[in-house]
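Heads up, the thing below is written out as structure tokens.
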Amino acid sequence: MKFSSCMAAAASLPPPSSAWPSKASSSLACASPTAKRAMWPSAAISAEGQSAVGISAADARCFVAEPMVHNEVEGGLGFVGYLTGLNAPFIESLWQEGLLPVAPCLGLGPDNELYNINADHMAAACAEYLGADQLIYLTDVAGVLDGEKVLSVVTCEEVERLVQCRVVSGGMVLKLEAAKRAIEGGVREVRIVGGTSPDALLLASHAAEASANDGVAMIPGTRVLREPLSAAQAAFSAA
């Protein structure tokens with residue numbers, strides 16, 4: 001099962017000329033935090049030949065959430081929550097019809113209200129709950145940066161050091177934390193790539209296929225791993 005994720009801002013989605021690499025029967029895209037904006041990427045994807053459909057958390061209780069706890073008060077941040085489950089059979093029924101689901105980052109709470117969910121963490125949670133092989137983050141930078149250099153590989157163990165040393169900041173901290181959660185939750189591979197490149201998503205998907213065949217693919221962006229690469233793999237990746 002493949003899972004590819006397009007994150008919150010519309011600008012981070014692949015340009016219309018990008019091919020969607022994974023079959024619709026095995027992909028889910030997490031888009032903007034409002035149901036209205038979720039229709040934009042689904043329309044663009046459909047226009048390029050891959051049938052896509054925008055879905056809401058309220059559709060068949062597709063995504064369920066709990067309110068965030070702030071200062072020991074549940075719901076202390078208002079309608080901000082975290083994903084606690086999803087309706088996998090509903091999503092799978094869309095895949096069976098050849099449709100690519102595009103979901104806004106919202107969850108239906110126990111009070112039947114919609115809760116905003118951080119896009120990075122929703123994508124990681126969805127990948128975990130669906131038992132996905134792959135999670136791809138598309139962002140507005142080329143990958144995880146150390147100064148102007150793109151780090152080709154980051155391990156889960158290195159994430160805390162990068163944050164504490166302020167090598168990464170802002171939204172990239174959330175992406176790395178979410179990527180670590182996904183890896184620890186059983187997702188085989190996480191990629192963080194620049195969504196402004198027309199071929200970024202396609203290349204990332206092909207890289208995952210190469211990894212499954214014990215190959216190492218030379219692609220843009222950053223690969224997040226549970227453990228460091230072997231010496232031979234690291235040398236090839238740095239070449």
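The values are calculated or read from the model by the stated rules, or taken from the named source; none is laboratory data. Remember, it's a predicted structure, so these values are computed and weren't measured experimentally. Cβ: placed from backbone, ideal geometry, glycine included. Neighbour counts: every protein chain shown.
If you filter the range 160-172 down to residues that are within 17 Å of Ala142 (Cβ to Cβ) and not in a loop (DSSP other than H, G, I, E, B), you find that the one that is modelled with the lowest pLDDT is Gly171.
Within the range 150-159, the only residue that satisfies the criterion of being among the hydroxyl-bearing types (Ser, Thr, Tyr) and not in a strand (DSSP E or B) is Ser152. Of all residues in the range 72-103, those satisfying the criterion of being within 16 Å of Val53 (Cβ to Cβ) and either β-branched (Val, Ile, Thr) or in contact with a Pro (Cβ under 6 Å, 6 or more places away or on another chain) (or both) are Ile91, Leu94, Val102. Is it the case that Ala178 is under 28 Å from Thr84 (Cβ atoms) and touching a Leu at 6+ places or on another chain (Cβ under 6 Å)? When the stated conditions are applied, Ala178 does not pass them. In the range 206-223 there is at least one residue matching the filter, namely being assigned to a loop (DSSP other than H, G, I, E, B), hydrophobic (A, V, I, L, M, F, W, C), surrounded by 14 or more Cβ atoms within 10 Å (Cβ to Cβ) and modelled with pLDDT of 55 or more.
The lone criterion from (1) modelled with pLDDT under 65; (2) surrounded by 18 or more Cβ atoms within 10 Å (Cβ to Cβ); (3) not hydroxyl-bearing (Ser, Thr, Tyr) left unmet by Pro16 is number (2). Quick check on the range 135-149: of everything there that is among the hydrophobic types (A, V, I, L, M, F, W, C) and not in a loop (DSSP other than H, G, I, E, B), which residue is farthest from Gly186 (Cα to Cα)? The residue in question is Leu145.
Looking only at the range 184-203, which residues are part of a helix (DSSP H, G or I) and within 20 Å of Pro220 (Cα to Cα)?
Across the range 184-203, the qualifying residues are Ala200, Leu201, Leu202, Leu203.
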